[in-house]
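Please read the structure below before turning to the comments.
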Amino acid sequence: MRCALRNGIEIEHIALRNGIEIEHACEKSCACTTCHCIVREGFDSLPESSEEEDDMLDKAWGLEPESRLSCQARVTDDDLVIEIPRYTINHAREH
């Protein structure tokens, strides 16, 4: 799905506004990993992650080098390709 990007808006906000289901248990407070996403293209165009985000990402299920918390990663004008993992840490604990 293609979505219009607006510089400075979080990936999570863009996804939700476009009807893309993405968990967000902590309401954008960087206190969980349910909004974990993988940036397949355009990773280097995003601002660097904070130490707080990096600490939370260490707890994410299915972590990859291009992982970000979608509630923290703010887009630029560059195109991105985002993958939302099938499972979150919450789902992994249930099974």
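Put simply, when 68-80, 36-48 are sorted by average Cβ atoms within 10 angstrom per residue, most first, you get 68-80, 36-48.
The share of alpha-carbon pairs in the chain lying farther apart than 17 Å comes to 44%. Backbone phi angles across the range 27-37, fed through the Karplus curve with coefficients 6.51, -1.76 and 1.60 (θ = phi - 60°), yield HN-Hα couplings of 6, 6, 9, 6, 10, 8, 10, 5, 9, 3, 9 Hz in residue order; Gly and Pro are listed as x. Amide H contacts of ILE82: ARG40, each under 5 Å away and 5 or more positions distant or on a separate chain (H built 1.01 Å from N in the peptide plane; Pro and chain starts excluded). Electrostatic tally near PRO85: other residues with Cβ closer than 13 Å to its Cβ, Lys and Arg +1, Asp and Glu -1, net -2. Scalar couplings 3J(HN,Hα) for the range 50-55, obtained by applying the Karplus form with A = 6.51, B = -1.76, C = 1.60 to θ = phi - 60°, are 7, 4, 4, 5, 4, 4 Hz; x denotes Gly and Pro.
Other residues within the sphere of radius under 13 Å centred on the Cβ of HIS24, judged by their own Cβ, net out at -3 (K and R +1, D and E -1). Sum up the charges of everything whose Cβ sits under 15 Å from the Cβ of ASP55, counting Lys and Arg as +1 and Asp and Glu as -1, but leave ASP55 out. After counting each charged neighbour, the total is -4.
Only the coordinates and a few stated rules stand behind these numbers; no lab work does. Keep in mind it's a predicted model, so treat the numbers as computed, not measured. Positions of Cβ are generated from backbone atoms using ideal geometry, with glycine treated the same way; all protein chains shown enter the neighbour counts.
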